[in-house]
1. Before I look further, what does the chain give for accessible area per residue, probe 1.4 Å, in whole square angstrom?
2. Just to be sure I understand, if you calculate Rg and Dmax of the Cα atoms in Å for this structure, which of [x] 18.7, 58; [y] 23.0, 74; [z] 19.8, 64 do you get?
3. Taking the chain as a Gaussian network, where each spring joins two C-alpha atoms under 10 Å apart, which residue of 274, 145, 115 fluctuates the most?
4. Rounded to two decimals, what ratio of Rg to Rh does region 1-88 give with C-alpha atoms and a Kirkwood Rh?
5. Treating cross-link reach as a plain straight distance, find the aspartates and glutamates whose alpha-carbon is under 12 Å from the alpha-carbon of residue 209, omitting any fewer than eight places away in the same chain.
6. Can you classify region 67-147 as rounded, prolate or oblate using the Cα gyration tensor, where a ≥ b ≥ c are the square roots of its eigenvalues, rounded means a/c under 1.5, and otherwise it's prolate if a/b beats b/c and oblate if not?
7. To the nearest 20 Debye, how big is the dipole of region 260-326 about its Cα centre, given +1 on the beta carbon of each Lys and Arg and -1 on that of each Asp and Glu?
8. Over 10 Å intervals from 0, what percent of Cα-Cα pairs in region 101-245 sits in each interval?
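The values are calculated or read from the model by the stated rules, or taken from the named source; none is laboratory data. Only a predicted model underlies this, so the values are computations on that prediction, with no experimental measurement involved. Note that we place each Cβ from the backbone using ideal geometry, even for glycine, and neighbour counts take in every protein chain shown. Only protein heavy atoms, including side chains, enter the accessible area calculation; ligands, DNA and RNA are left aside. Shrake-Rupley method; radii C 1.70, N 1.55, O 1.52, S 1.80 Å.
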Amino acid sequence: MKLNQLRYICEVARRGLNVSAAAEALYTSQPGVSKQIRMLEDELGVQIFGRSGKHLTHVTPAGEQILDAARRVLGEVDNITAVAQDFVDENRGSLSIATTHTQARHALPPVVTEFRRRYPRVSLHMHQGTPMQIAEMAARGSVDFAIATEAIELFEDLVMMPSYRWNRSVMVPHGHPLTEVRPLTLEAIAQYPLVTYVFGFTGRSKLDKAFSQAGLNPEVVFTATDSEVIKTYVALGLGVGIMASMAYDPERDHAITALDASHLFEPSVTNIGFRRGTYLRGYMYDFIEIFAPHLDADMVQRFINARTKEERAKLFEELDPRLEDH
């Protein structure tokens, strides 16, 4: 059994059983990948992938368990490399982050700026996606950190920690009738078509929950993953926008007005996390603390040591009063 064989089966599984795509990602040939997978299966005496002719069709039950073990092995190999790099040069390396557009555009710029000031020799790589894509990238070790608000239940394989709290504003063109409503109510908002996030993005579930509990079913006429796109279509008069307050910049967003709606919706919490068992280099601890000052190295270690949902829930409860509002 060779490490490269384990890399091949994991990459093939990650690429939806597309051997050609896996070979291209691994900078090798398709026949070479297929041959090594066959050799590994022959050595183990079980099929990892089911086949129809020359095509892979599914992962076998044995293959599922072998892939899980292979990912753990490759994760430990990465940890060994990281440990060595820390002793060779603790201030040089790379850091990859998977997050949504809202976090990348509005929450992370000052964090990245400060991190780069401290660690100019660490290269940063930002990946944007849906919560499911973010969870998958982090769980499989494709990125170091996942930063997300929605669907935390997807991140069971990760150590997830609360970073900050945020709420929403209603975006309307200048002179819109809602600017005269005092106080702003869900009933008043529901009279207009809505422009907001795609379900599963950036606290959308809290928005839907608030309207549902009020017995309202507003018409959502346009959804997007990008807050800049939402603002563009609000300015065009397509509908009333509801999005994260931090996404509004009065110096740039001249065509629209933001109305505070924090009294109408439950606040959301953005979390940062990493794959369990990951060796965190010193600059990784620092990035977490820059992003969320209450998550110092000791607190991160407490989350790593928390083995049950109850223990993790207690840590979330302990940190709740210390979260900053964005």
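1. 50 Å²
2. [y]
3. Ranking 274, 145, 115 by mean-square fluctuation puts 115 first.
4. My calculation of the ratio gives 1.02.
5. 266
6. Cα axes put region 67-147 in the oblate bin.
7. 580 debye
8. 10, 35, 31, 17, 6, 0
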